[in-house]
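> Can you read through this structure? Questions will come right after.
Read the figures in this text as sums done on the coordinates, not as results from a lab. Treat the numbers as computed from the prediction; the structure is a model and nothing was measured. Cβ atoms come from the backbone with ideal geometry, glycine included; neighbour counts cover every protein chain shown.
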Amino acid sequence: MAPTSSQVRFFSSINHRLHLQKRAVLFWGFPSSSKDLEIPNENIFLRNKEGLRPFCSADSILCSADSIQDISFATELIRMQHWSKLKTHLKTTNPTTLLLQLFNSDADPVLILRYFCWSTKELRISHSLVLTGRLLDALAAAKEYPKMRSFLHKFVKNESFSSVSSVFHALSMSSDSLCHNSIIIDMLMLAYLKNMKTHMGFEAFKRAGDYGLKLSVLSCNQLLSALVKEGKVEDVEYVYKDMRRRRIEPNLISFNIVINGLCKVGKLNKASDVMEDMKSMAVLPNVVTYNTLIDGYCKKGRIGKMYKADAVFREMLENGIFPNEMTFNILIDGFCKDENVSAAMKVFEEMETRGVKAGVITYNSLINGLCRYGKLDEATGLRDEMMASGLKPNVVTYNALINGFCKKKMVDKARELFNDIAEQGLSPSVITYNTLIDAYCKEGRMEDAFALRNSMLDRGVLPDVSTYNCLIAGLCRKGNIKGARDLTNDLINNGLTADLVTYNILIGALCKDGQSKMAVRLLDEMFKVGLSPSHVTYNTLMDGYCSKGNLVAALNLRKQMEKEKKRPNIVTYNVLIKGFCQKGKLKDANMLLNEMLEKGLIPNQTTYLIVRAEMMEKGFVPDIEGHMYNISGSS
DNA sequence: TTAGGGTTAG
C-alpha cells in the first residue's frame, strides 16, 4: 500500500522528525526498561531514488500469499481471542509488524484495538505514539466513540511521560483527517480532565487551536469547570476569549461557569460584563446565572454589597426568572454574614410569600446567623420550627448550634448537643469535632481536647489540618511552644500539610514569646513551601516587632507587605498606631490615623480604644475631630 | 457540563 498524499507530505521531513521522535521518547505504553524506549523501526519510511516508500509496504507484506494467509490466521485468532495460539504465532512474527499488517489489511478497528491492548499488556510492548494515533484514527473512522473514550481514559491514566505536544505531533503524523483528529483531541482533553490533569487538558485546548482542530462546547465547558475548581481564573478568561475567537459558541452553561469563576475571585464587574455578553449573543441568563451573580456579590462584594445583591435579585424578577430555594438561601446567608439577621428574616418571609418552601439549608443559614450573634434561644426555636415543618436537622444544623454554644462559653451544653447527634442517627463530622476541640482548647481544657481527638480516631473520623491547628493554638496559648512544634511535626508525619493558619499560629506564638527573628524565619519558610502570607501573617509579625519597640522593622514589614500586593487593612493600622503610641510617638500615630482615614478605612472599636487609652489619656488631642464619629464606630 | 449552609489564625 502506497503512502497517502498526506503521508508523502509529512514524510518529506521524516528524517528530521524521527530524530526528534527518538529524542523525545514518544510512546503510549509502559516501557519496562531503557531498551524498550528505542523507536521500533517498523514505522520508518526509507528514502530511495524514487522518493519515499514505506519500509513495511504492501509490496513487502501483503503481496506475498504467505503474508495474506498469516494475517488472516492472526485476525481469526484475535477475533476468537485465542491468545496463547497467537503468542505461539508471534514467535516467528514481530508483534509490531503484525500490528502494521493489521492496519494495512484494513482489519476491523475493534480487532486491532483488541490486539493493541493485549500486546501492550501481555507482551509488554510499548507501541509508538504514531501507531496509537493510527489506531485512534481507524476507530474514529468507524465511529467507535465509546471504545475511543475508554482507550484514551486508560492511556491518560497510565501515561506518565508523554507530553501533550508529542501526542499532537504524533497524531498529525498518523492521520490527515481534521475531523477525526478533532474528535480524538476532544476526547483526549476530556480524558485529561477526568484524570485530574487539568493543566494537560488546558494545553490540549491551546494546541488544538494551533493545529486548527475544532473542539466541542461540551468539552470546553468541562475544561472551564475544572479550571474554576482549581482557582485558575486567568486561564478561564483565556479559554472563554479563545472559544469565541475560534468560533466555539459558548452555551448557557459555558457562561454560567465563567461567571462563577469570576465571582469566586471577586471580579464582579467582569462577571456582570459576561452576563451582558451572553444577552448580546441571545443566550438568556437563567436562574443559575442570577444565583451565581447574587452569591458573588454576597461573598465578594465590598461596600453596599447586599444592596447590589438585592438589585440583581430584583432584576431577575423583572426579567421573569423565578427564584428558587437556592436564590433565597444565598440571600439569607448573605444578609446573615453581613450582620443583618433581621434582613435575612425578611427574605425568609418573602420566600414563603412567593411560595418557595424553605429547606434544611435555609434553616441552617438562619440558625448559623442567629448563633453567630449569640441569639441561641431564637436559633434553637428555629431548629424546633424546622422539625415541626417536617424537616430533619442534619450535621450542619448541629454544627452551627454547637458553635453557637461554644462561642458563648457554654461548652458542656455544646457537648450535650454533640451527644444528641448519634442519638439522631447522624454522625459527627470532622467540623463537629474541630468546633468542640477548639472550644476545649480556648477554655484551657487541653486534656478534654486531646481526648476528643483520640475518640475521633476511634470512630474513624480523620483529623484534618484544622483539628491540628486548634490543638496547636491551644498549646501556644498555654505557652507550650515546644509542644506546638511537636504537634506540627505530628501533623506532617500523618501525611497532612501545615497551612496558612498553622504558620500564623506559630508565628503569633513566637512573636508573643519575643522571638520575632524566629517568626520571620517561618515567614521565609512559607514562601519556600509555596504559601502566600496573608494580612494576618504580616499584622502578627508587625505586632511582634511593635511590642519589642522595633518600629523600623515593623514599617519594613509593611513595605514588604505592600510589595506583595497586600494593602494594609484596619488591623495593620491598629497595630502600627498602638506601636507608635506605646513609644510615645503620638504625632506619628496621629499621622497614621489620618492616613488610614484618607484610604477610606473606617476605624473600628479597637482603633477607638487605642486612641482613647494611649493618646487622649496622655493629653494628646488626635487631629481627627471630623472623624471621631467614625472612630467611635457604634456611636 | 453550571449556582447555596457548618470549624481553626491577627
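> Could you tell me what a quarter of the Cα convex hull surface of region A:138-201 works out to, in nm² with one decimal place?
With every direction weighted equally, the projected area is 4.0 nm².
> Follow-up question, since we're still on this one. At 10 °C and a viscosity of 1.306 mPa s, what translational diffusion coefficient does Stokes-Einstein give for region A:305-381, taking Rh as the Kirkwood radius over Cα pairs? Give it in µm²/s as a whole number. Let's see the in-between values first.
Numbers: Rh = 12.6 Å.
D = 126 µm²/s.
> Rank the residues A:Leu293, A:Leu139, A:Leu123, A:Leu391 as a footprinting-exposure proxy: fewest other Cβ atoms within 10 Å of their Cβ go first.
Values: A:Leu293 28, A:Leu139 24, A:Leu123 12, A:Leu391 18.
Going from sparsest to densest Cβ surroundings: A:Leu123, A:Leu391, A:Leu139, A:Leu293.
> Relative to the longest principal axis of the C-alpha atoms of chain A, give the angle of the C-alpha long axis of helix A:217-229, reported between 0 and 90° and rounded to the nearest 10°.
Tilt relative to chain A: about 40 degrees.
> Excluding same-chain residues fewer than 8 positions from A:Lys357, which lysines have a Cα within less than 16 Å of its Cα?
Reachable lysines: A:Lys346, A:Lys392.
> With each label point set 7 Å from Cα along the Cα-Cβ vector, what nm distance links A:Ala141 and A:Thr497?
4.6
> Same structure again: Take the alpha-carbon centre of region A:419-458, take the same for region A:574-591, and report the distance between them in whole Å.
Measuring centre to centre over Cα atoms gives 42 Å.
> Run the Debye formula on the Cα coordinates of region A:419-524, all scatterers equal and no solvent, and tell me log10 I(q)/I(0) at q = 0.13 1/Å.
The Cα Debye sum returns log10 ratios of -0.48.
> Sticking with this structure for a sec: To the nearest 0.05, what FRET efficiency results for A:Asn251 and A:Ala388 with a Förster distance of 45 Å applied to their C-beta separation?
0.55
> Applying 1/(1 + (r/R0)^6) with R0 = 25 Å to the Cβ-Cβ distance of A:Glu564 and A:Lys528, what FRET efficiency is obtained, to the nearest 0.05?
Details: r = 15 Å, r/R0 = 0.60.
Plugging the Cβ-Cβ distance into 1/(1 + (r/R0)^6) gives 0.95.
> What FRET efficiency comes out for A:Lys229 versus A:Lys91 if R0 is 56 angstrom and r is the Cβ-Cβ distance? Round to the nearest 0.05. Could the numbers behind the result be given before it?
Numbers: r = 51 Å, r/R0 = 0.90.
For A:Lys229 and A:Lys91, the calculated efficiency is 0.65.
> Please grab the % of Cα pairs in chain A that end up more than 35 Å from each other.
Here the long-distance tail beyond 35 Å is 61 percent of all Cα pairs in chain A.
> What is the list of residues in region A:289-306 whose amide nitrogen lies under 19 Å from a point 7 angstrom out from the Cα of A:Lys346, following Cα to Cβ?
A:294-295, A:297-299, A:303-306
> Using the Cβ atoms and a cut-off under 13 Å, what net charge is assigned to the surroundings of A:Gly355, where Lys and Arg are +1 and Asp and Glu are -1? Don't skip to the end; give the middle numbers.
On the way: positive: A:Arg354, A:Lys357; negative: A:Glu325, A:Glu349, A:Glu350, A:Glu352.
Here the count lands on -2.
> Per residue, what volume in Å³ does the Cα convex hull of region A:204-279 take up?
75
> Something else: Given q = 0.18, 0.29 Å⁻¹, what are the Debye log10 I(q)/I(0) values for region A:454-507, with equal point scatterers placed on the Cα positions and solvent ignored?
Rounded to two decimals, the profile gives -0.54, -1.18.
> Right, here's the next one. Under a plain spin-label model, where a point goes 7 Å from the Cα along Cα-to-Cβ, how far apart in nm are A:Lys214 and A:Glu318?
3.9
> Hey, another quick one. Normalise the Cα radius of gyration of region A:482-592 by 2.2 N^0.38 Å (N = residues in it) and let me know the number.
1.12
> Same structure, new question: Residues of region A:366-392 with backbone nitrogen within less than 20 Å of a virtual label 7 Å along the Cα-to-Cβ line of A:Lys413, please, listed as ranges.
Those under the cut-off are A:366-387.
> By a straight-distance test (C-alpha under 12 Å), which aspartates and glutamates pair with A:Lys305 as possible cross-link partners, with residues fewer than eight away in the same chain excluded?
A:Asp295, A:Asp338
> Which whole-number percentage describes the relative contact order of region A:424-503, with Cα contacts under 8 Å and a sequence gap of 6 or more?
Details: 76 pairs, mean separation 21.9, N = 80.
Averaging sequence separation for qualifying contacts and normalising by length gives 27 percent for region A:424-503.
> Of all the Cα-Cα pairs you can form in region A:181-311, what percent are over 21 Å apart?
Percent of Cα pairs beyond 21 Å in region A:181-311: 39.
> Tell me the trypsin sites (Lys or Arg not before Pro) within region A:232-282 that lie in a loop according to DSSP and have at most 11 other beta-carbon atoms within 10 Å.
Those that pass, being in a loop and sparsely packed, are A:Arg247.
> Note the angle between two axes, namely the Cα long axis of helix A:252-264 and the longest principal axis of the Cα atoms of chain A, as a number of degrees from 0 to 90, rounded to the nearest 10.
40
> At 7 Å along Cα-to-Cβ for each site, give me the label-to-label distance between A:Glu339 and A:Asp106 in nm.
7.9
> Please give the helix A:198-210 orientation as an angle from the longest Cα principal axis of chain A, in degrees from 0 to 90, rounded to the nearest 10.
So the helix axis and the longest Cα principal axis differ by about 60 degrees.
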